[in-house]
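Working notes for the structure below.
Values quoted throughout were computed directly from the atomic coordinates according to the rules given, and no laboratory measurement underlies them. All values reported here derive from a predicted model rather than from experimental measurement. Cβ placement follows ideal geometry from the backbone for every residue including glycine, while neighbour counts extend to all protein chains displayed.
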Amino acid sequence: MIYLDYSATTKPDKGVLDTFVEVSNRYFGNPNSLHKLGSEAKNLISASTSQIATILGVKEKEIIYTSGATEANNTAIFGVIRSYTTRGKEIITTPLEHSSVLEPLKYLETLGYKIKYLSLDQNGLVDIEDLKRKLSDETLLVSISSINSETGIRQNVEQIGKVLKEYPKVIFHSDVTQSIGKEKINFDFIDLASFSAQKFYGLKGIGCLIKKEYISLIPLIHGGKSTTIYRSGTPAISLIASLAKALRLAYTNIEENYAKVEKLNSFLIHELKKIEDVHINSNRYSIPNIVNISILGVKAETMLHALEEEDIYLSTKTACSGDGYSLAIYTLTGDKNLASSSLRISLSHLTEKEELVVFMKILKEKVDHLKKIME
Ligand code: PMP
């Protein structure tokens, strides 16, 4: 098998799975229980939270555990609009956000909120001047992800955050799901940040919302005691410990892993450029882990299934988006042909160069074959 879909999800690391099993066996007490088993479980959660906070450079009380980035994004958006009811009703975002940001915003539009979409430049980057123009006394929230999951294009979140610091009433949320574990993030200029463990060799079903302590939030989920008042329910101790483990592992060699992926990326792009019909949609602002290409004249899904026959796995649009062509590629290129034939190859430090050599050989054969059939 050649797995080139790491941005859709990753296979859990063995150490992460071991932590999950061990904690489930040894610390099965309810952290809310007053007896010894409860306090042991509670202490383990505190230790995990402390590790996560130290790694990310945030405060322990700023960590809210969620079921993943989808819940974190929803908690951030709805939590803020319910909490700051006397502020404005405008939200600024980009057309390139994940569906777990865009769909809540579309729903808010039906409730009378005004959603303003930022213009992007020819490289897919947020136009800072446009952001300044769109900010108004009515702006409550700005939500911009750090990395677009389809193209890998990285926004300058720090620069955006610094601009927004000059507007103290505006809250800045960033979905950092595609960044975490791949590169270090400075949370100093972000008020709210969401991510999921499944993208960095952790388990599905656990994620975080980082909420700066000065931001108030009405929870989405009300109920019994948890690790914070912002998300009720018995804390998922084994998942929390596994998240801390995944983060520790990801940060241990984060620079080395990044450098390895950069090399793989250069090799891949060099080889892809040799195929006449391949158009590379990712650009120099893209994280090396994501290479988005379009194969002119070949429908994305046709190629995906042709590669699947050879046990090679990659993505068309992000696994979470709806049917049709890729909105991200269309936004970036303005070309429907490119947008309907785009494929996302996503790499990891676990990817071997030999896998890319085999992938390229098969890709070339498939392109020739499919183009012949279509002639
Ligand atoms: N945001 C981004 C940028 C993502 O890539 C994903 C996962 N595809 C999510 C949010 C949602 O994560 P989850 O499904 O784990 O909630």
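Under 14 Å from the Cα of LYS353, which aspartates and glutamates turn up, not counting those fewer than eight places away in the same chain?
Candidates past the 8-residue exclusion: GLU262, GLU271.
Largest first and in whole Å, what are the equivalent-ellipsoid semi-axes of the chain based on the Cα gyration tensor, each being the root of 5 times an eigenvalue?
Values for the chain, descending: 36, 27, 17 Å.
Work out how much length LYS132 to GLU309 would gain on full extension: take 0.36 nm times their residue separation and subtract the Cα-Cα distance, in nm to one decimal.
My answer for the length gained is 58.8 nm.
Volume per residue, Å³, of the convex hull around the alpha-carbon atoms of region 1-135?
Per residue, the Cα convex hull of region 1-135 comes to 196 Å³.
Report the Stokes-Einstein translational diffusion coefficient (µm² s⁻¹, integer) for region 158-257, Rh taken as the Kirkwood radius over Cα pairs, at 37 °C with viscosity 0.692 mPa s.
After rounding, the answer is 219 µm²/s.
Using each residue's phi in region 5-22, evaluate 6.51 cos²θ - 1.76 cosθ + 1.60 at θ = phi - 60° and report the 3J(HN,Hα) Karplus result to the nearest Hz, with x for Gly and Pro.
Computed from phi, the couplings for region 5-22 are 10, 5, 7, 7, 5, 10, 6, x, 5, 4, x, 5, 5, 4, 4, 4, 5, 4 Hz.
For region 7-114, with only Lys/Arg (+1) and Asp/Glu (-1) charged at the beta-carbon, what is the dipole magnitude about the Cα centre, in debye rounded to 20?
I would put it at about 260 debye.
So which chymotrypsin sites (Phe, Trp or Tyr not before Pro) in region 1-71 end up in coil per DSSP with only 15 or fewer other C-beta atoms within 10 Å?
Here the sparse-neighbourhood loop sites are PHE28.
Going through the cross-link list LYS11/LYS114; LYS199/LYS372; LYS114/LYS225; LYS42/LYS199; LYS204/LYS372, which pairs have a Cα-Cα distance over 30 Å in this structure?
Result: LYS11/LYS114; LYS199/LYS372; LYS114/LYS225; LYS204/LYS372 exceed 30 Å.
With +1 assigned to the C-beta of every Lys and Arg and -1 to the C-beta of every Asp and Glu, and no other charges, what is the dipole magnitude of region 222-274 about the Cα centre in debye, to the nearest 20?
160 debye
Which residue, SER242, LEU343, LEU332, has the largest displacement toward the positive end of the dipole of the chain when charges sit on each Cβ (Lys, Arg +1; Asp, Glu -1)?
It is SER242.
For the chain, what does -39500 (n - 2.57) per DSSP helix run (n ≥ 4), summed and divided by total residues, give at 222 nm, in deg cm²/dmol to the nearest 500?
Theoretical 222 nm ellipticity from helices: -13000 deg cm²/dmol.
For each pair in LYS263/LYS366; LYS89/LYS134; LYS182/LYS260, compute the distance between the two Cα atoms and list the pairs where it is over 21 Å.
LYS263/LYS366
Could you list which residues have their amide H under 5 Å from that of THR66, counting only those 5 or more apart in sequence or on another chain, with H placed in the peptide plane?
Placed amide hydrogens put GLY207, CYS208, LEU209 under 5 Å from THR66.
Within 10 Å, Cβ to Cβ, of ILE81, how many net charges do the neighbouring residues add up to if Lys/Arg are +1 and Asp/Glu are -1?
The answer is +3.
What is the sum of charges, Lys and Arg at +1 and Asp and Glu at -1, for the other residues whose Cβ falls under 15 Å from the Cβ of GLU276?
+1
Determine, for each peptide in 134-142, 347-355, 282-290, the mean count of other beta carbons within 10 angstrom over its residues, then list the peptides with the highest first.
282-290, 134-142, 347-355
Could you work out how far apart the two model spin labels at LYS371 and GLU301 are, taking each label as a point 7 Å from the Cα in the direction of the beta carbon, and quote it in nm?
Inter-label distance under the simple model: 2.4 nm.
Taking the Cα atoms only, what angle lies between the long axis of helix 36-56 and the longest principal axis of the chain, rounded to 10 degrees?
So the inclination is approximately 50 degrees.
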